[in-house]
Every structure is written in C-alpha cells, then in structure tokens.
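The values are calculated or read from the model by the stated rules, or taken from the named source; none is laboratory data. A quick note: this is a predicted structure, and the numbers were derived from the prediction, not measured. We place every Cβ from the backbone using ideal geometry, glycine too, and count neighbours over all the protein chains shown.
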Amino acid sequence: MLVAIFVMALATSLLAVTLPARKDPLEVESGTLAMLVSRIADEAVATGTARAIRIDERGYQVFNRVGGHWVPVSKGNGEFSGGVKAQMELSGRSSSDAAALPQIIADATGIVTAPALLLERGSRKERLVFRPDGQIDGHVRHE
C-alpha cells in the first residue's frame, strides 16, 4: 500500500515538473509582432513591393502597396490575445490619418520605418522600438 502511494506521489511530482509554464501575453504579442515585421521586410525585398502593417488597439492588418495605394491583405489580420492592447507612438499625423494608414512600413529594399509601439496589459506596459532592418532594438518594460 505504501509503495503504491509512493509511486503515485512520484508520478504526480513528475507531471507537475513537466507542465509548461504559462507564457506572458506581452512577451507572446511582442514576439509575434517582431516576426511579422521581419516577415514583411523579407517579403518586400522578395517581391520588390512595399509592405506595411497598421496597428490599432485590438490587433493588426497587413497591407501591400499596389498602384500607389495601400491594399489590405486578406490573410493578414490578427487580434491581440490575453487582454493585450496596443498603441503606436505617432507624431505629426492627425487621428484620421493614423486610423487610415499603416504605421509600420517596409520599402522594396527591406528598410523598415516604424514609430515606437506600446503594448499594454492592465498596468503592465512594454515599449517596442524597431530598427531599420525590422528587428526590435529594445524592449522597455513598465510595471
């Protein structure tokens, strides 16, 4: 009887050790955006056409540059999960411009132009700064 209890306790402790830790939603979303920006920069070079991303509070939309206009990509939508919200740090644009135009742009050479991005979940915040190569230059966390 004691052996059976010992074996069950040992199995339970091994199960607890092998369960994956829950990932922080801010880290998940910042990683997703980093991969997305890198992907659009690569696609812009491969196609010779500018690509872009528009961020709003709830998610993002990917665009292609066609005939001088930004055209949404049908499979380029995404919503932030885990209660994460986003806000671009825009300057010099009116709110109507900011709502209509993409903020993160990769030109045909793969150079990325983007303002800083603030991700928020409750009182926690993370500021992402993108380099011209599309990589994240720095994460600044505010608890």
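Condition check: within 26 Å of R131 (Cβ to Cβ), touching a Phe, Trp or Tyr at 6+ places or on another chain (Cβ under 9 Å) and at pLDDT 90 or above. Does L36 satisfy that?
The answer is yes for L36.
Hey, among the residues in region 82-99 that are surrounded by 14 or more Cβ atoms within 10 Å (Cβ to Cβ) and at pLDDT 85 or above, which one's nearest to D24 (Cα to Cα)? Among residues in region 82-99 that are surrounded by 14 or more Cβ atoms within 10 Å (Cβ to Cβ) and at pLDDT 85 or above, the one nearest to D24 (Cα to Cα) is V84. Looking across P102, P115, P72, one residue alone is touching a Leu at 6+ places or on another chain (Cβ under 7 Å) and either modelled with pLDDT of 90 or more or not hydroxyl-bearing (S, T, Y) (or both). It is P115.
Would you say D107 is charged (D, E, K, R) and either buried (at least 16 other Cβ atoms within 10 Å of the Cβ) or modelled with pLDDT of 90 or more (or both)? The answer is yes for D107. The set of residues in region 35-83 that are among the hydrophobic types (A, V, I, L, M, F, W, C), in contact with a Pro (Cβ under 9 Å, 6 or more places away or on another chain) and free of Cβ contacts under 8 Å to residues at least 40 places away in the same chain comprises V62, F63, W70.
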